[in-house]
Structures are given as C-alpha cells and as structure tokens.
Amino acid sequence: MSHGLLLFAHGARDAAWARPFEQARDHITAQHGPDTPVVLAFLEFMSPTLLQAGEQLARQGCDQVTVVPLFLGAGGHVRKDLPALMDQIRLRHPGTTWRLAPAVGETDTLVRALADAAWQLAHPREQPGAGGDAA
C-alpha cells in the first residue's frame with residue numbers, strides 16, 4: 001500500500017513564485033524519505049497540472065493519494081474548481097483512492113504561523129550594533 005501526497009498550488013507566470021511551495025515539497029521529502037511520493041501541481045500557468053501529477057502518482061503505484069491545497073483560504077478555486085478536477089482524476093484512476101484535505105490556510109498551525117510572522121515583521125528585533133537607542 002503506497003500513500004502519495006499531491007500538493008496543489010495556484011501557479012503564476014513568474015517561476016520564482018513557486019519557490020516556497022517547492023521548498024515545502026522538498027522539506028516533506030527530506031523529513032519522510034525519498035520513498036514517500038510527493039508531487040507539487042498547479043492550477044494554472046505552471047506544470048504539472050493536478051491531472052498530470054495525479055497520473056504520475058497513480059503510475060508510481062499509489063493506491064491512496066491525499067490532495068492538499070496550498071491555498072490560504074477556500075475561495076472559488078478550492079470550493080469549485082478543485083472538486084471538479086478531483087471528479088476527473090477519480091474517473092481516470094478508479095483504482096486509487098483520492099482524498100481532498102482542507103486548504104492549509106484554514107489550519108490552526110498556519111493561522112498561528114501567519115500571525116507570528118506578521119507580528120515579527122511589524123516589530124523587528126533590534127540587532128546589537130544596529131544603531132538602536134543608545135543609553
């Protein structure tokens with residue numbers, strides 16, 4: 001039994017936009033080993049698409065795949081476009097069980113991380129010798 005992970009992001013015309021998502025994929029692989037099938041897919045502008053990535057995981061022998069939307073919120077793409085794509089992938093690969101997870105932005109972990117990052121950016125720590133208030 002092989003469980004694959006399909007990370008799904010929006011995509012952009014600028015290749016640099018994908019860097020954090022690629023780093024997340026690479027971090028998962030580093031933590032869980034190269035035998036853990038992890039693929040990053042995009043809705044538009046970049047490849048592979050969800051259907052192409054799903055094909056790749058099915059060909060690798062995954063009988064279960066969890067699709068994790070790397071979206072901050074569950075807008076139209078997550079609520080409408082993604083379920084339609086999931087229906088297509090289920091029809092193309094009926095021998096694989098496809099599970100759709102909630103958008104990562106709706107998890108307590110990411111909400112707290114966003115809040116912490118925003119606070120730290122708004123209140124940068126004084127660096128020694130950085131010209132702060134002298135006594």
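Bear in mind that the values in this text are calculations on the coordinates, not laboratory data. As the structure is a computational prediction, the values presented were derived from the model and not from experiment. No Cβ is skipped: glycine too gets one built from the backbone with ideal geometry, and neighbour counts run over all protein chains shown.
Values as computed for the structure displayed
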item	result
ARG92, ARG13 arranged by Cβ crowding within 10 Å, fewest neighbours leading	ARG13, ARG92
√(5λ) per eigenvalue of the Cα gyration tensor, the chain, largest first, Å	35, 17, 14
Modelled label reach - SER2, point 7 Å along Cα→Cβ, the range 12-33 residues with backbone N closer than 18 Å	29-30, 32-33
Of the GluC sites (Glu not before Pro) in the range 1-83, those whose Cβ has at most 14 other Cβ within 10 Å and which sit in DSSP loop	GLU44
Least to most buried among PHE42, PHE8 (fewest other Cβ within 10 Å first)	PHE42, PHE8
Fraction of beta bridges assigned by DSSP in the chain that are antiparallel (%, nearest 5)	0
Helix-only mean residue ellipticity at 222 nm for the chain, each DSSP H run of n ≥ 4 adding -39500 (n - 2.57), per residue, nearest 500	-11500 deg cm²/dmol
Which of THR97, THR49 has the fewest Cβ neighbours within 10 Å, and the rest in rising order	THR97, THR49
Contact order normalised by residue count of the chain, Cα under 8 Å, 6+ apart, percent	25
Amide H within-cut-off set for VAL67, under 5 Å, with H built and near neighbours excluded	LEU6, ARG99, LEU100, ALA101
Under Karplus coefficients 6.51, -1.76 and 1.60, residue-wise ³J(HN,Hα) of the range 81-98 in Hz, glycine/proline x	5, 5, x, 5, 5, 5, 4, 5, 5, 5, 5, 6, 9, x, x, 10, 8, 10
Under 5 Å, built H, 5+ apart or other chain: amide partners of THR49	PHE42
Dipole-positive endmost among GLN88, PRO48, THR29 within the range 1-119 (Cβ charges, Cα centre)	GLN88
